[in-house]
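Worksheet: one structure, shown below.
The values are calculated or read from the model by the stated rules, or taken from the named source; none is laboratory data. In this text, all values refer to a predicted model and were calculated from it rather than measured experimentally. In this analysis, Cβ positions are derived from the backbone assuming ideal geometry, glycine residues included, and neighbour counts consider all displayed protein chains. Protein only, heavy atoms only, side chains kept; ligands, DNA and RNA dropped before computing areas. Shrake-Rupley method; radii C 1.70, N 1.55, O 1.52, S 1.80 Å.
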Amino acid sequence: MAVPTRSRLLSWLLAAALLPHALAGQQLSATERAVAVSTVWAEARYNYAYWDRVRADWDSALAANLRLSAEPQSDLLFYRRLRRLVAVLADGQAAVIAPPHLRSRIARPPLLLESVERRPFIVDYAENDEMRVARPDRLSEIIAVQGIPAETWIRDSVLPETSGATPMDRWLRAVAWMLEGEKGTSLHLLVRLPGGEPRGLSVTRSLSLNDRWPLDPPPFATDTLPGGIAVVQIASFADAEAVRQLDLAFPDFGRVQAMVLDLRRAAAGKTEYAYQILARLSDHPFPAVRWKTPEYRAGFRAWNLADSAFTWYGLDYGTVAPRTERPAYGGPIAVLISSGTSGAAEDLIAAFRAAGRGVIIGEPSAGTPGDVATFALPKSWGVQFSVARHQAPDGTEFAGIGIKPDILVSRTVNDLLAGNDAALERAREYLKGR
């Protein structure tokens, strides 16, 4: 074992001595916390596109959070309090963006959690040293956390800090993040195994917000079903990767008799990429979703007229033409959606329905469309929320409501434990008997 040199020891001692000062420099002061709260309040008041959905008294929320910000507190506590304020907006795309030093302190165990019939299940996990020993059983239901019933834990500790457009959207997000907390801390879970037996399980919050989450689904994947049915699964419209992969997988759709487009895990991203996907799956132009953004006019206040909450700017919506550089697919198609389908994927579904392109199967979507803007807060903090309001081509609102499927197929615990995909099976039956 190598012995540290004197200079290296001095460097370590100097770094240890300077660490408290470095952390103090990163810590927000009371004034900076007040500025952060006031900025969130002001930017949301004049730029949030769904102001009519805010049910709380925003001015009272400002006063209460200014009082809280004056109290001595850690950045982690302030982060949680600021998330509670932002959750009042009822926007599934709203989020508080912590700076890197704080993100490194917030973590969760490498467990993929999903809500089925409002019950939290471990559907997968990523292996690390702890997981190789613990070996949690997949499809186990979490029935208690730290001795507290899981539903109570989610309702009291997680849900108030969780942004979501609909009650189901909020609950799904809360379950996914229900074990988040300070990195390195342990949690004791009581789980019910698939066979029904209870089991204790200890896990550590080891993967921070700065780490890559290893359990995200691939942005694009394909499968086939008997009868020439192609299954296309898209989980992200964040960039053009899904468009590129679709073009590579289906240069001409020559062998495709029917298609299932699975958007049940598709969240956020850009509408332009969603439209590029649909432009390959349609041989006719289709109408784009409507959009508008708040337009503030100070003079209206002098005249006692509506302010930015009711004044809008928008352009002609137009249509999207099929892509011409590759053959389009004009055959039968079914789209699968769930309460996890959000953002750009919802714009695709709205355009898909307006074009009469096919059938939509599954559960109502998350109801979180719209374009997101990020606003700077002190010391590299930030906040984001929707600043453009999207509607279906016919003007139907689906923000805060979700897009309802043509054929409702809800996910059940029995299906999960039996390994059945009821929505996919219903799509197969529909396409087979079209």
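Okay, here's what the table says:
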{"item": "Cα Rg, Dmax, the chain, angstrom units", "result": "24.2, 79"}
{"item": "Using alpha carbons only: equivalent-ellipsoid semi-axes of the stretch 147-291, gyration tensor based, whole Å", "result": "38, 19, 15"}
{"item": "Inter-label distance, nm, simple model (7 Å from Cα along the C-beta direction), S74/W312", "result": "4.4 nm"}
{"item": "Rg/Rg_globular for the stretch 309-399, with Rg_globular taken as 2.2 N^0.38 Å and Rg from C-alpha atoms", "result": "1.35"}
{"item": "For the stretch 317-407, share of DSSP beta bridges that run antiparallel, in % to the nearest 5", "result": "55 percent"}
{"item": "Against the rule of thumb 2.2 N^0.38 Å, how large the Cα Rg of the stretch 54-197 comes out", "result": "1.14"}
{"item": "Full-extension gain in nm, I401 to I143, via 0.36 nm per residue minus C-alpha separation", "result": "90.0 nm"}
{"item": "Cut-off 11 Å, label 7 Å out along Cα→Cβ of R255, residues of the stretch 210-224 by amide N", "result": "224"}
{"item": "Long-range amide H partners of T311 with built H, under 5 Å", "result": "E295"}
{"item": "Listed residues P136, P72, P287, most fluctuating in the chain (Gaussian network, C-alpha, under 10 Å)", "result": "P72"}
{"item": "Apportionment of accessible area to carbon and sulfur, the chain, percent (1.4 Å)", "result": "54 percent"}
{"item": "Built amide H within the under 5 Å cut-off of V231, gap 5+", "result": "D223, T224, L225, V260"}
{"item": "Solution diffusion estimate, µm²/s, Stokes-Einstein, the stretch 70-143, Kirkwood Rh from C-alpha pairs, 37 °C, viscosity 0.692 mPa s", "result": "216 µm²/s"}
{"item": "Ranked packing of 317-329, 335-347, most packed first, by mean Cβ within 10 Å", "result": "335-347, 317-329"}
{"item": "Spacing of the two label points (7 Å from each Cα toward its C-beta) at R53 and L215, in nm", "result": "2.6 nm"}
{"item": "Highest-first arrangement of 232-238, 244-250, where packing means the average Cβ count within 10 Å", "result": "232-238, 244-250"}
{"item": "Calculated from backbone phi, Karplus (6.51, -1.76, 1.60) coupling profile of the stretch 222-231 in Hz, x at Gly/Pro", "result": "10, 8, 10, 10, x, x, x, 8, 8, 10"}
{"item": "Per-residue ³J(HN,Hα) for the stretch 156-164, Karplus 6.51 cos²θ - 1.76 cosθ + 1.60, θ = phi - 60°, Hz, x for Gly and Pro", "result": "8, 9, 10, 4, x, 9, 9, 7, x"}
{"item": "Value at 222 nm in deg cm²/dmol, rounded to 500, when DSSP H runs of n ≥ 4 in the chain each add -39,500 (n - 2.57)", "result": "-9500 deg cm²/dmol"}
{"item": "Where only alpha carbons of the stretch 235-295 are counted, the Rg and the Dmax (Å)", "result": "13.5, 49"}
{"item": "Antiparallel DSSP beta bridges within the stretch 275-434, as percent of all bridges there, nearest 5", "result": "70 percent"}
{"item": "Bridge type composition, the chain - antiparallel percent by DSSP, nearest 5", "result": "75 percent"}
{"item": "Note, ³J(HN,Hα) from phi for the stretch 77-86, Karplus 6.51, -1.76, 1.60, rounded to Hz, x at Gly and Pro", "result": "5, 5, 4, 5, 5, 5, 4, 4, 5, 5"}
